Structure formats: structure tokens, C-alpha cells
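Below is one structure, written out as C-alpha cells; comments come after it.
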Amino acid sequence: MIIGFAILISLNLFSFLQAYPHISELNSGCCATTPLARDFSAFYVGAWRLFNNPSQVYFHGNLNDGGPQIYPRPEQYKYLPSFLFIVTPLIFESYNQAIMSFDIIQFLLLPFIALLIYKLVIPKGVLFTLLVGFPALLLPSPGPHWGFSAAFYWEWSEGQSKVLETFLLLVSLYLAYSKKPRLSGVLLGISFFDPRFSLAALPLFLTFNKQKLRTSLTALAVTVIISNLPLLYPGMGSEFLSMLISTGIRTEFYPYAFIPFVTVVLLSLVYHEEISSAYREFRTKNYRGRFTENGQSKTPIVT
């Protein structure tokens, strides 16, 4: 098992080294037709604006506000503001240094991701463990310039955040699996900066936390609310909604998005029986809770 995961990470390193020389280049990225700044530019500029010009966090372009100037213009920030707190330490480096630091930190998370997958899936068998490990550690899709994985090549090249997202989701699920519902809720709340993948992980989260459901959901809700309080700053909340309606909802599912998504889907399939059982248990409790002891309905039942 260790050898299998080590091979996957080594192959991923090849994609990292393929992407490295191109990180500072200006090109059209994975899916555009005109030169664009790297995706990381949205995080870098957004983190600076969070503390210096909060109402403009979701503005798409350069501003004469003393902040970083990125050519031709920084990409638009599309996540919840909570993610900017994670990126903030990197704004003390230059842009090119910061994107490299972000990539290296995420690459160093891969062995920990492998360990989390092992802890979560090994009770189901070695084959299932390797199956879930493939998308999280490599997601094979060879190409002429991508090494062994297009998804990870563009993850590293664009300075994307999907490895970090995968790590946070797996930590949350492992904590739930280890009967630590409060910490599990906090970690899933932190991962909610891009809700698409956190929502995909919700069935597993609820299943593993079914004994302490209220505790875990309370921790999740409190974390999401507190970490996104900047939305209450005048102008930021309205700009977030404007971004969401105009471009956020239409955001494509780029290759690197499959890293957390496929990992969570496969993990859910491995535990599909437990998810189904937890759902039936919840429905049974909910159904019984609608009746009094003499069998009369407490509340109307909609069928």
C-alpha cells in the first residue's frame, strides 16, 4: 500500500515539474483562448483587498488602490471570503514567490492525504483504498505536456486550491469517522469556501456523525458563519451576490475540480451501504417522532 501511494505521488511530482517552468508565463491556461493571469491571482489580490479594500474583493480587474498589479488583470475571486484568511500569509511574499509557496505547501499535503485515505478506506480492503487514492493523488490523464495528469498539471500551473480542498474534506471525514463531531464540523466549515465539494461530502459527513449529528452540524454552521462575517462589510455582500449571479453560477467544471469531486464520489460509493443505512435510520426516527404514544399524529404528515 505504501509503495502504491508513493508511486502515485512520484508520478504527480513529474506533473509538478512539467508545470513549474510555465507558472510565471502568461498564456491562455487550460481552457481559454486569450492570455489570462493565473487563477492564484484572484486569491492573492483578494487577500490583500480583504484587509485594505474589502468592498472590492470581488472586483474583476486591477485597481489604483495601492494593491498588487497583475497583468493583464487578476482573475475574479469567486469563493466565500473565508478562504482569503488561509491565503493571507502569502501576501507578504511577491506574487511569483507566493504562487510557488502555495503549490509546494499543497504538494507536501499529498502524503497526509494518502494517510487519511488509508485510515478511512483500509477497513474496506486494499483495492478500494487504492481506488480512492488514484484521483486524490494523481487522477491519471496523460498528455503531451501534462506529465501523467492534466488535472494536477493545471492545478499546479494555475496555483489552484483543489488539493487543499481535498485535504480539508478528508480531515473532516476522518474526524467524523473517529467520533470527533465538533472538530469534524469545524473542518468541513473551513472547506466550505467552495461549497460544491463540501455539499458533495455532506452525506458521508452526516453518516459518520450520525451519533452526534446536532453537535457536528452546529459546529459546521458556526464555523461557516463566523469565517464569512466579512460579507457584512458594506459593499462586500452585495458584490458577492452580483458575482455569484453574473459569473459564479456559470463557472465551468475545470480539470482540477475533479480532484476533490471524484475522490468524494468514490469514497461515498465505498460507503454507500452505510450512507443508505443512516438515511433509513434517520427517516425511521423522523417518522416515529411524528406520533404520540397512542399512535395519533403530532403533526401533519405530507406524503
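Taken together, the values in this text are just the output of simple stated rules run on the coordinates, not laboratory data. Keep in mind that what you see is a predicted model, and the values were worked out from it rather than measured. As a convention, Cβ positions derive from the backbone with ideal geometry for all residues, glycine included, and neighbour counts pool all protein chains shown.
Key figures for this structure:
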| read-out | value |
| --- | --- |
| Using alpha-carbon coordinates, inclination of helix 258-270 to the longest axis of the chain, degrees | 20 degrees |
| 5 angstrom amide H check on S141, placed H, neighbours 5+ away | S149, A150 |
| Computed FRET value (nearest 0.05) for E93 with F253, which takes r as the C-beta separation and R₀ as 30 Å | 0.50 |
| Exposure rule at most 12 other beta-carbon atoms within 10 Å, DSSP loop GluC sites (Glu not before Pro): the chain longest free segment | 26-251 |
| The chain - convex hull of the alpha-carbon atoms, volume per residue in Å³ | 156 Å³ |
| Label-point separation in nm, N62 to H272, each point 7 Å along Cα→Cβ | 5.2 nm |
| Relative contact order %, the chain, counting alpha carbon pairs below 8 Å whose residues are six or more apart | 21 percent |
| Base-10 log of normalised Debye intensity for the stretch 27-100 (one unit scatterer per alpha-carbon) at q = 0.12, 0.17, 0.21, 0.26 Å⁻¹ | -0.29, -0.58, -0.88, -1.29 |
| On Cα atoms only, tilt of 181-191 relative to the major axis of the chain in degrees | 30 degrees |
| Mean residue ellipticity (222 nm) of the chain, computed from DSSP H runs ≥ 4 via -39,500 (n - 2.57), nearest 500 | -18500 deg cm²/dmol |
| Equivalent ellipsoid dimensions for the stretch 83-154 as semi-axes, Å, which come from the Cα gyration tensor, largest first | 28, 18, 8 |
| Too-long pairs where the Cα-Cα distance tops 30 Å, listed order kept, from K78/K210; K78/K124; K180/K285; K78/K285; K78/K212 | K78/K210; K78/K124; K78/K285; K78/K212 |
| Trypsin sites (Lys or Arg not before Pro) within the stretch 198-284: DSSP coil, no more than 13 neighbouring Cβ in 10 Å | R250 |
| Nearest 10 degrees, 0 to 90: helix 40-52 Cα axis against the chain principal axis | 80 degrees |
| In sequence order, calculated HN-Hα J values of the stretch 148-157 (Karplus, 6.51, -1.76, 1.60; Hz; x Gly/Pro) | 9, 8, 5, 4, 6, 4, 6, 4, 6, 5 |
| Whole-Hz couplings from phi, Karplus 6.51/-1.76/1.60, listed for the stretch 135-140; x for Gly and Pro | x, 6, 10, 8, 6, x |
| Amide H contacts under 5 Å for L36, placed H, 5+ residues apart | N27, S28, G29 |
